[in-house]
Every structure is written in C-alpha cells, then in structure tokens.
1. Filter the stretch 155-167 for residues that are over 16 Å from Val204 (Cβ atoms) and touching a helix residue (DSSP H, G or I) at 6+ places or on another chain (Cβ under 8 Å); which is least open to solvent (accessible area, probe 1.4 Å)?
2. Give the residue, chosen from Thr111, Thr151, Thr107, Thr94, that is over 21 Å from Leu205 (Cβ atoms) and under 12 Å from the mean Cα position of the chain (by Cα).
3. What number of residues within the stretch 184-193 satisfy the criterion of being more than 14 Å from the ligand (Cβ to nearest atom) and either among the aromatic types (Phe, Trp, Tyr) or open to solvent by less than 30 Å² (accessible area, probe 1.4 Å) (or both)?
4. Kindly indicate which of Ser275, Ser283 is of a type in the set (Ser, Thr, Tyr), within 15 Å of Asp58 (Cβ to Cβ) and out of contact with any strand residue (DSSP E or B) (no Cβ under 8 Å at 6 or more places or on another chain).
5. Which residues, taken from the stretch 198-229, are within 16 Å of the ligand (Cβ to nearest atom), within 20 Å of Leu122 (Cα to Cα) and open to solvent by 20 Å² or more (accessible area, probe 1.4 Å)?
6. Can Leu64 be described as closer than 22 Å to Glu23 by Cβ, outside the structural domain of Pro38 (by TED's automatic domain parsing) and buried (at least 19 other Cβ atoms within 10 Å of the Cβ)?
7. For the condition open to solvent by less than 60 Å² (accessible area, probe 1.4 Å) and in a loop (DSSP other than H, G, I, E, B), what is the one hit in Phe152, Phe141?
8. Does the stretch 124-137 hold any residues that are within 14 Å of the ligand (Cβ to nearest atom) and surrounded by fewer than 24 Cβ atoms within 10 Å (Cβ to Cβ), and which are they?
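The values are calculated or read from the model by the stated rules, or taken from the named source; none is laboratory data. In this text the structure is predicted, and so the values were computed from the model without any measurement. Don't worry about glycine lacking a Cβ; one is built from the backbone with ideal geometry, like all the others, and counts go over all protein chains shown. Side chains are part of the model used for accessible areas, which takes the heavy atoms of the whole protein and leaves out ligands, DNA and RNA. Shrake-Rupley method; radii C 1.70, N 1.55, O 1.52, S 1.80 Å.
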Amino acid sequence: MIIVPERLIAGLVSETDVFNAVEKVFVAMARGQARNFPVVREAIGCADALYGIKAGFDQAGLALGLKAGGYWPSNITRGITNHQSIILLFDPETGQVKAAVGGNLLTALRTAAASAVSINHLARRDARVLGIVGAGHQSVFQMRGAARVRTFDKVIAWNRQAEKLSKLADAAAALGLPFEAADLARLGAEADVIITVTSSYAPVLLRDHVRPGTHLACMGTDTKGKQEVEARLLQDARVFTDEVAQSCTIGEAQHAIAEKLIEPANITPLGAVVSGLAVGRTSSNEITVFDGTGVALQDLAVASIAAEAAIVRGLGQEVSI
Ligand code: NAD
C-alpha cells in the first residue's frame, strides 16, 4: 500500500480535479452504481469532538474504502486543523488495503466542490451576489468553489463574531471580488446564492431573510442536532441533497422532516439533476436548497486521485502491512 501524507495533498490534486470527481460520483450515486454505507458519527465526550466513520463503494469508479476522523472545534487554539481524518482505500477485488491518504485538505476541497456543483446546476445563471454565513475553516474554500461556477460581482458575509471575517475578506480580494460584512437581513435581501457553513445547533438564517430565486447551499449541518436555517425555509423551497438518507438523519433536512414540514420523497439527489434524471430549478423565483451532508464516496473519489497522482510521480511511501 501507499501512504500519502497530508503535506503532499495540495500538490497532487487541483480544485478542477476535485470538482469533476465529485460531480461524477454524484451521478454514479443517482444511477445506482455507487452507494454510501450508514454513517457512524458520535460525540466522544472529549474536547467537544465529533468522531465518525463514513464508508462506501463506487462500482463505477472501483473505489472502496472509508474515511475515519471528525471535528475537533478547539484545535484552532492548538494551531492545528479542526477536521482531522484519514481515508483508507481498499482493492475491491481482493480486500487488500491500497492506500492511506491524509484527509484534512481533501475534506475541505470535496465539500467546497459539492457546494459548487449545486450552485452550477441549481443557482440562477444571472446570480451576481454571493452571501456566506460563517467564517470558519471551510468558508474560504466554499467561496473559492462558488466563484469557479458563477461570475459574482461581490461577496457579502456574516459571522457570529464579525472580527473573524477578515480571512474571508482577504480571500475575496485575492479573487478580485469586492467584499462587505452584512447583517443577516441584508445578506438575505441581496444575495442570489447563499452558502451556510457554520457549526450551529440552532437556526441562524430564517425563512423571512431569504428572497425568491435564491439558491442556498447548506453545508454546515452534518450531524444529528446541528441546524443552520429555519425548517420552514425547506418547506418553501425545492430541496436537493448529496444523499437522501443522510439528509433526513444528519443533514439540514432532519428538522423539517421531524417537524413533518417535508417528507423524504420531497428531497431530490443532486446527481439525478446532473445526470438529467430529475429536474433542477424550474423558475427564477424558486428557492432551491442543497443540503450538503458530506458522503464517503466524495472522499474516496478524491483520495483515489491523490493516490494515483502520488504513484505516477513516485511520491508518498510504499509500505507492506
Ligand atoms: P470552524 O470551527 O472553523 O467554524 C465554525 C463556524 O461556525 C464559525 O464561523 C463560527 O462562528 C460558526 N458558528 C459556530 N456556532 C455558531 C452559532 N451558534 N451560530 C452562528 N454561527 C456559529 O468549522 P468549519 O471547519 O468551517 O466547519 C463548519 C461546519 O461545516 C461544521 O459544522 C462542520 O462539521 C461542517 N462540515 C460539513 C461538511 C460537509 O460535507 N457537509 C464538511 C466539512 C465540514
């Protein structure tokens, strides 16, 4: 097997590679060629951490494996990334471990790619203002991903602690995009596309904040109990997701489902839209919501790219186990 450490990842995969791989795996899921296994995700009662295992098999891409790791919210005070994970790839013919790949940067890249795929397929073509709710580790990746698929005139953002918006402002400047801090009412009134990417356990963005025609990518809720937007918003929107089973249990839709505002049948896999099996946005007034819960198959797809690139370039470390 090959070990591909975290420090090599940035040089092995591009944002384009990751976008294409995530879009492709969403299509494989919609066609029934790839499936995610039930997620394990638990609060471990130490350092406020959430730890879990996501696994799956992509028959089309022959990617079998798992990502183990999670979210340690206080890591920032230690100067290390809050998401810590490793992705293990197995040979689907023999069960032998093929690769162990650092999963920290890949998690941020594949999450931004999922959001960007949703924006590409569901946001209005004339979207001009990008709104971002949250300014944590993922937010800069999210902004860069969105800017790849639409030509925005500006970015407006809100964060619970406004002083932490400076990192996003710098990243917007690097993209040549004007940046403004805004309250949630203004953000909702002006934004055509809104990405929510907080670790909140209570609604931050409310139904009345959001105007017709908005596309929302709700990326922060990946665990039972987390919530970023008012459940009523999903009732008034068309809801799309990476994986319906996860959306209903650990995604943003868990609350609208629990409150009986929507049913699982109201949630459309994004891959079905990408592959033409389902319709996406049908009017410029519709509110569309992508409930991005994060699936194992995304991790396996991007780790496969990193492992293959490492092998081709003679990087990483071959070991026998
Ligand atoms: P982070 O710890 O770096 O940042 C957390 C952000 O949430 C900050 O902006 C913080 O101000 C905000 N926040 C926390 N509690 C809040 C509250 N009660 N109200 C409003 N804002 C609040 O985390 P991150 O790495 O940026 O991740 C953000 C979220 O995205 C986490 O919940 C994480 O688990 C999730 N995530 C999802 C996926 C996926 O595939 N969907 C992948 C990676 C991360």
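1. Looking only at the stretch 155-167, we keep the residues that are over 16 Å from Val204 (Cβ atoms), and these are 155, 163, 166-167.
Remaining after also requiring touching a helix residue (DSSP H, G or I) at 6+ places or on another chain (Cβ under 8 Å): 155, 167.
Values: Val155: 0, Lys167: 98 Å².
The residue in question is Val155.
2. Numbers: Thr111 fails: over 21 Å from Leu205 (Cβ atoms); Thr151 fails: under 12 Å from the mean Cα position of the chain (by Cα); Thr94 fails: under 12 Å from the mean Cα position of the chain (by Cα).
Result: Thr107 is the single residue among Thr111, Thr151, Thr107, Thr94 that is over 21 Å from Leu205 (Cβ atoms) and under 12 Å from the mean Cα position of the chain (by Cα).
3. Step one: of the stretch 184-193, the residues more than 14 Å from the ligand (Cβ to nearest atom) are 185-186, 188-193.
Cutting the leftovers down to either among the aromatic types (Phe, Trp, Tyr) or open to solvent by less than 30 Å² (accessible area, probe 1.4 Å) (or both) gives us 188, 191-193.
Adding up the residues that qualify gives 4.
4. Values: Ser283 fails: within 15 Å of Asp58 (Cβ to Cβ).
Result of the check over Ser275, Ser283: Ser275.
5. Hit for the stretch 198-229 is His209, nothing else.
6. On the way: closer than 22 Å to Glu23 by Cβ: yes; outside the structural domain of Pro38 (by TED's automatic domain parsing): no; buried (at least 19 other Cβ atoms within 10 Å of the Cβ): yes.
So Leu64 fails the test.
7. Values: Phe141 fails: in a loop (DSSP other than H, G, I, E, B).
So the residue among Phe152, Phe141 that is open to solvent by less than 60 Å² (accessible area, probe 1.4 Å) and in a loop (DSSP other than H, G, I, E, B) is Phe152.
8. Result: Gly136, His137.
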